[in-house]
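FYI, it's all coordinate maths here, none of it is from the lab. These numbers were taken from a predicted model, which means no experiment stands behind them. Heads up, the Cβs are rebuilt from the backbone with ideal geometry, glycines too, and the neighbour counts pull from every protein chain shown.
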Amino acid sequence: MLGSGAYRIGSSVEFDWCAVNTAKTLRKLGYSTIMLNYNPETVSTDYDESNYLIFDDISFETVYSICRIFNPIGVIVSMGGQIPNNLALQLHRSGIRVLGTAPENIDQAENRRKFSDLLDSLQIDQPLWEELTSIEEARQFAHENNYPVLIRPSYVLSGAAMAVASNDGELLEYLQKAVDISPEHPTVISKFLENAKEIEFDAVAQNGEIIAYAISEHVENAGVHSGDATLVFPPQRTYLETIRQVRLIARKIAAALHINGPFNIQYIAKNNQVKVIECNLRASRSFPFISKVLKKNFIDMATRVIMHVPVRKWSSSSFELDYVGVKAPQFSFTRLQGADPTLGVEMTSTGEVACLGDNFEEAFLKALISVGFRFPFRNVLLSTGPLESKAELLESVRQLSRMGLQIYATHGTAQFLQKNSVNAAELNWPLEQKEPNVIDFIQQGKIDLVINIPKNYQKEELTNGYLIRRAAVDYNVMLITNRQIAMRFVESISRGAAKQMNIRSWQEYQ
């Protein structure tokens, strides 16, 4: 079994959980196991879960040497994330048996061109895209299909070098980074769909037939990496028709790739139109989450499938659950000097917390408290970005005002709120260096919560927004940079979920 390697952004304890549960199931099935990993946590906590733990680099050379010494019946690459998955084809070509889904099919899913051709043959919709051969062609694609566009290299970990470009300058910058990160594999450019929902499909298939699955939704709109997104299971705001299409598409893909083991598909949906973003023929970082919420170990099932043990199809409707699970990301921006604490298509979170609640609001607030939010709070600073964002957040701000909170806002947001009958005290931008100034208020502890929605243009606006976000992180002020999170947060506390949870006394206990 190949582990996840050292903990890093995108590859952490979730994949350790998958690898360790694989070892436990194999032991039950009567197999001796060898774990290859170079993660100190594996040595300190999981050293006795396998018969052998080899602490070495996860590379083709190391695996090949181990196979020559131990002569195992095969290698499991689907439990440790992207690093072992990338070795599947090379191991196969060298004569080493890869257990589970065939390496050729793994490559068909990982290679953007091959996977797109497969989707076309199955008549499954996908965002418009092209494989890049020159910068001029990329620029032409962006102009023909209208910015924004998404840059996506193949065979990368956690969206490395993925980016959304909104103009020619950003396009050139991001293309160069993508080529540097993945020079041996194609980079593609695709049309980025705005204001669309992202949906996760985690499943286990046996001989191409799905035997267990879970559908989760992101709170944030598409454009936030799945590892940074707030995940909700069962989905709360996804149309039934969308869910039906998600299931149907997954069945087609599983059959076409003859999947044996775990897999994950990411979808984008808007107005009941469902498109496939990508498919990973391995366990995903959300496998532990859905396994714990459903109380059904998907890795145990997947391991049995990989070892050709017949597994009965498991069917349990998420509608029957009388609770909701929410998984929230944990960030380490306070330890990263100068980092901009905003969410994007390249992953930045360093951990996550999952919580259960009687409803979404309770689970959501529990998860936010677990990653650092504090109650009660008395005032909020708003800098809400473009006009459509201001309009979308207006009702949420009204709710905050009705709750008796002091509303502070930067110039444009304050004017918008005042025109819409919301009382807001205006604070000056950081670069204006005039009183009253946003940074001074944050430094003096006069701000409990900052809601800052970044803009994609105007350098001065971007710099001011960065300085506000960075100050919030440096002075341990609660920060929200996504308008969907802001809306659901305000909605949750205004509906009385905080009172129901007795958050004040619970926080004092903490």
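Tabulated data
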quantity: FRET E, pair ALA425, LEU172, Förster distance 60 Å, beta-carbon r, rounded to 0.05; calculated: 0.90
quantity: FRET efficiency for VAL353 and PHE319, using Cβ-Cβ distance with R0 set to 30 Å, rounded to 0.05; calculated: 0.75
quantity: Debye, to nearest 20: dipole size of region 337-509, +1 on Lys, Arg Cβ, -1 on Asp, Glu Cβ; calculated: 360 debye
quantity: Qualifying aspartates and glutamates (Cα of each under 16 Å from Cα of LYS419; at least 8 residues distant if same chain); calculated: GLU388, GLU392, GLU395
quantity: In nm, spacing of pseudo-spin labels at GLN443 and ARG251 (7 Å Cα→C-beta vector); calculated: 6.2 nm
quantity: Prolate/oblate/rounded call for region 277-366, Cα gyration tensor, a/c under 1.5 rounded; calculated: oblate
quantity: Calculated [θ] (222 nm, deg cm²/dmol) that DSSP helices of n ≥ 4 give over the chain, each run adding -39,500 (n - 2.57); calculated: -11500 deg cm²/dmol
quantity: Dipole moment magnitude, nearest 20 debye, the chain about Cα centre, only Lys, Arg, Asp, Glu C-beta charged; calculated: 1360 debye
quantity: Value of relative contact order over the chain, rounded to a whole percent, pairs C-alpha under 8 Å and six or more apart; calculated: 12 percent
quantity: Between 0 and 90°, nearest 10: helix 459-474 axis offset from the chain longest Cα axis; calculated: 80 degrees
quantity: Distance in nm between pseudo-label sites at LYS114 and HIS258 (7 Å out along the Cβ direction from Cα); calculated: 1.4 nm
quantity: Relative contact order of region 74-175, defined on C-alpha pairs under 8 angstrom at six or more residues apart (%); calculated: 19 percent
quantity: Rounded to 10°, Cα long-axis angle of helix 387-402 versus longest principal axis of the chain; calculated: 70 degrees
quantity: Gain on full stretching of the segment that runs from GLN337 to GLN273 - 0.36 nm per residue minus C-alpha separation; calculated: 18.9 nm
quantity: Crossing angle, helix 360-370 versus the chain [Cα axis fit, 0-90 degrees, rounded to tens]; calculated: 90 degrees
quantity: Cα gyration tensor, region 337-509 - rounded (a/c under 1.5), prolate or oblate; calculated: prolate
quantity: Reach of LYS252 by Cα under 30 Å, taken over lysines that are not fewer than 8 positions away in the same chain; calculated: LYS114, LYS191, LYS197, LYS270, LYS275, LYS292, LYS295, LYS296, LYS313, LYS327
quantity: Length gained when the stretch ASN146-GLU241 is fully extended (0.36 nm per residue, less Cα-Cα span); calculated: 31.3 nm
quantity: Potential extension, LYS434-ARG8 segment - 0.36 nm per residue separation minus Cα distance; calculated: 149.3 nm
quantity: FRET efficiency for ASP48 and THR463, using Cβ-Cβ distance with R0 set to 51 Å, rounded to 0.05; calculated: 0.45
quantity: Normalised contact order of region 34-86, rounded percent, pairs of Cα under 8 Å and 6 or more residues apart; calculated: 31 percent
